[in-house]
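The values are calculated or read from the model by the stated rules, or taken from the named source; none is laboratory data. These numbers were taken from a predicted model, which means no experiment stands behind them. Cβ: placed from backbone, ideal geometry, glycine included. Neighbour counts: every protein chain shown.
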Amino acid sequence: MINELGHFALVLAFAVSIAQSIIPMWGAHKGYAEPMRFAQPAAITAFLLVGLSFAALTHAFLNSDFSLKVVASNSHSLKPLLYKISGVWGNHEGSMLLWVLILTLFGGLVAALGNAIPPELKARTLAVQGMVGVAFLAFILFTSNPFDRLPFPPEDGSGLNPLLQDPGLAFHPPFLYLGYVGLSMPFSFAVAALIEGRVDAGWARWVRPWALAAWSALTIGIALGSYWAYYELGWGGWWFWDPVENASFMPWLVATALLHSVIVVEKRGTLQSWTILLAIIGFSLSLVGTFIVRSGIITSVHAFANDPERGVFILAMLGLAVGGSLILYTWRAPQLRSDAVFSTMSRESALVLNNLLMSVSCAVVFIGTLYPLMVELATDGESKISVGAPFFDLAFAPLMVLVLLVMPIGTALPWKRGDLPKAMTRIWPAVLLAFCVGTVFAMLRWGGPILAPFAIMLAFWAIFGVLADLGERVKLGRAPISESLRRLANLPRSVWGQAIAHIGFGATAFGVAAITAWASEDIRTANAGDMIPLSTYEIRFDGVTIENGPNFRSDIGRFTIFEGGEEVGRISSETRFYPVQNAYTTEAGIRASLVEDVYVSLGDKQSNGSWAIRSYVKPYANWIWLGALIMTLGGLLSLSDRRHRVGAPTRAKRQKVVAAE
Amino acid sequence: MRIVLAFVALLMALPAQAVEPDEILSDPVLESRARELSKGLRCLVCRNQSIDDSDASLAKDLRVVVRERLIAGDSDEAVIEFVVNRYGEYVLLKPRFSIGNAALYLGGPFLLLIGGFAFWRMTRQSEVAHQKVAAAGVTPLSDDERRKLDALIGKPD
């Protein structure tokens, strides 16, 4: 009964979304106030209906209602509660429902809280948002209905993929979706602005928080996925340049560009048409990502669904959204003229440079991801090539070097007109400090890769550059310390947010450089009691015990870590066996710290009774994700800036921050 | 997101991970060369995964082949050549530069150049306009003046 209610609510939401995408648009065109106002109740109703539907599906999962096909094939009565909940979106149908839930939530928030948005813009934006909703609801209802019943329900379900039974992965998809779908808001605003033919500072102020929120959610979502790979896959890899990863990384790069360019629109009234284009591309890449993951076109084993019917549906949707908006863009964008004047050395030109580097980075990832597919299509399968990590590392790293190089200078430049020497005098201590840090690392890690200390220098240049600029802003050292502190306390939150996010970026770069350059490993077979020498440590293998978890059995290898003869820690590394799926997972044992992780992974039992054991030292690994966390924090702080709240659709954004957490 | 590797592990239904102890060569120099080479070679049955990371049995076979060639005294290039002759260029995770792959390699630099040129022109135009204004002895409106003017002509903020 509840399932049918959920299904019915979804059909109703589809009908409401159709109305939402037509009536307000027509009203805005004619200038009729009532039809325009219709967007509000429609958007809110759509959200409530999808929410109801989602609740019904969650109910089915919680109660292990195996008469539903998705529940039967993705859940199991013995599964822990957390994974019964995360199981709702741990499958194709449910994850699409989550997608639409977030989409309508954002639409609902704009409707309920965006009172300050001019009525035409609001009506059109919500109408475009409604169109996206129509497309996705149709996709769910016609190709991926989560409420499909089984005529003969099984006794028990086949369980959730054990790899998804992990806290990190339970929350990874919702954050990614918050980001993906968050980009639908700038997209809707952009299309609405194109229809209206006007982009001004006000428009930028409404778009900026959504870009920030989407970016923050994407950052944390990608970081969660990366951290999960690190501890779960058993050898400490954290980024693989896999098509599915790239699918989430491309929107992040564009969102990064967008949130910088929208600042220029707001402050300087220029770059309008470029910003509109970025907003369109950002969401288009979210759709491309969805397409890649959901259609399985790039045969990444990741693709949950491998159904061509679904692939074709998403492709049609993609074509309509991207094609339609780009046609609208080429038709309308030339009317968006900007008149602001700025020189080569200015804050806005630094922001343009950021946009250039981020867009090219995104293009490189895009080309690399789709190239094998293109070659295969072009040669009719005659010739096949692979594009993997070695290529991406080569193509991507130089661009990031440029980003790190320019970033601190950009923040030190004033608007309109600046000059390089003046900016450098603001931040010269950073050059010195970064050089010192690089030298220290070169000595500490003597004999490592030659380039590593330079990469470290660059990362710290970014961090110290931001700090130096902050110090300059509060007249550190030039005014009494109390005055500096007072100024520091009075800095707007957006300034804090920017500084913190930039520091986070530097921290991530530091972690990436360090783990790439200085990781060490040992692979061997060992018996209980054996000592494994590794870097400055010795690891004693204390043997394996067998224990039972809620829905798995695990071999637990125990290890004691010694450094200089002293015991410094104990860790255990598991191999779990899930009988329901007849599958294994590994849980690495990690002694984590900010300096280095000792990482031990238990392998197979050998025929002679010993065990395969891989141990690694991963220097500064945690800085990668810590940096991402700091970036997210910066984004959220900036989002909470009073200037975003005053006047504009601002309260809507605050609500969304809550949602993003 | 790294389900990829993980799914492969599932297909195997064994938690074996990448390089196994019995494969490792006693000569550390040869072994480290083998590891470096493995990172650039694709596991043919997995997607976008190097044989160094893969736990598929085919990847293991290929790792052993690489090590055998190294022991036989092949140079790094000769090993790669040997593997490519057997399995085709598909096995290389970083494709060789060729006419067909030109767009892959030059796409990024090309866009960077185009973008850089557009950037230069944009700021150049601005500079010229600025100089003209300065030469004419006219001071452009300050932000404050512009806001007042906008208010007067009813142009919204």
For A:Arg124, all conditions in the list (1) more than 27 Å from the chain's Cα centre (by Cα); (2) within 14 Å of chain B (Cβ to nearest Cβ) hold save one; what is the number of the exception?
(2)
If you take the residues of the stretch A:329-375 that are of a type in the set (D, E, K, R) and facing chain B (nearest Cβ under 10 Å), which of them is surrounded by the most Cβ atoms within 10 Å (Cβ to Cβ)?
A:Glu348
Residue satisfying condition, being within 13 Å of chain B (Cβ to nearest Cβ) and closer than 19 Å to A:Thr632 by Cα, within set A:Trp210, A:Trp238:
A:Trp238
Output yes when any residue across the stretch A:194-201 is β-branched (Val, Ile, Thr), over 25 Å from A:Trp241 (Cα atoms) and within 13 Å of chain B (Cβ to nearest Cβ), and no when none is.
yes
The lone condition A:Ser295 fails out of (1) over 24 Å from A:Val191 (Cβ atoms); (2) at pLDDT below 80; (3) within 14 Å of chain B (Cβ to nearest Cβ) is (3)
Conditions first: (1) without any contact (Cβ under 8 Å) to a residue 60 or more places away in the chain; (2) in a strand (DSSP E or B); (3) away from chain B (no Cβ under 13 Å). A:Val598 passes all but one, so which condition is the exception?
(1)
Is there any pair with a first residue in the stretch A:496-522 that is closer than 12 Å to A:Ala621 by Cβ and a second that is among the hydroxyl-bearing types (Ser, Thr, Tyr) and at pLDDT 95 or above whose Cβ atoms are under 6 Å apart and which are 6 or more apart or on different chains, and what are they?
A:Gly511/A:Tyr620; A:Ala514/A:Tyr620
Which residue is nearest to B:Leu41 (Cα to Cα), if the candidates are limited to the stretch B:72-81 and must be aliphatic (A, V, I, L, M) and surrounded by 12 or more Cβ atoms within 10 Å (Cβ to Cβ)?
B:Ile80
Taking the stretch A:87-140, which residues are over 30 Å from A:Ser158 (Cα atoms), in a helix (DSSP H, G or I) and β-branched (Val, Ile, Thr)?
A:Thr104, A:Val110, A:Thr125, A:Val128, A:Val132, A:Val134
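So that you can scan it fast, the table gives a plain yes or no per residue for (1) modelled with pLDDT of 90 or more; (2) under 21 Å from the mean Cα position of the chain (by Cα):
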position: A:Leu78; (1), (2): no, no
position: A:Lys84; (1), (2): yes, no
position: A:Gly94; (1), (2): yes, yes
position: A:Gly107; (1), (2): yes, yes
position: A:Ala112; (1), (2): yes, no
position: A:Glu120; (1), (2): yes, no
position: A:Leu141; (1), (2): yes, no
The residue that is modelled with the highest pLDDT, considering only those in the stretch B:116-157 that are farther than 17 Å from A:Thr270 by Cα and of a type in the set (S, T, N, Q), is B:Gln131
Of all residues in the stretch A:376-403 being out of contact with any Asp or Glu (no Cβ under 7 Å at 6 or more places or on another chain) and not in a helix (DSSP H, G or I), which is farthest from the other protein chains (Cβ to nearest Cβ)?
A:Asp380
List every residue pair whose Cβ atoms sit under 6 Å apart, with the two residues 6 or more apart in sequence or on different chains, where the first one lies in the stretch A:112-127 and is within 10 Å of A:Phe189 (Cα to Cα) and the second, anywhere, is among the aromatic types (Phe, Trp, Tyr).
A:Thr125/A:Phe189
Just to be sure before I move on: is A:Gly603 at pLDDT below 95 and under 30 Å from A:Gly589 (Cβ atoms) in the structure I sent?
yes
Quick test for you: out of A:Leu218, A:Leu278, A:Leu271, pick the one residue that is touching a Pro at 6+ places or on another chain (Cβ under 9 Å), farther than 21 Å from A:Trp625 by Cβ and not basic (Lys, Arg).
A:Leu278
Determine which single condition A:Pro174 fails, assuming it passes every other condition in (1) farther than 24 Å from A:Lys30 by Cα; (2) outside any loop (DSSP other than H, G, I, E, B); (3) in the same structural domain as A:Glu34 (by TED's automatic domain parsing); (4) of a type outside the set (A, V, I, L, M, F, W, C).
(3)
Whether any residue in the stretch A:159-169 is surrounded by fewer than 23 Cβ atoms within 10 Å (Cβ to Cβ), over 21 Å from A:Ala501 (Cα atoms) and more than 14 Å from chain B (Cβ to nearest Cβ) is what I want to check.
yes
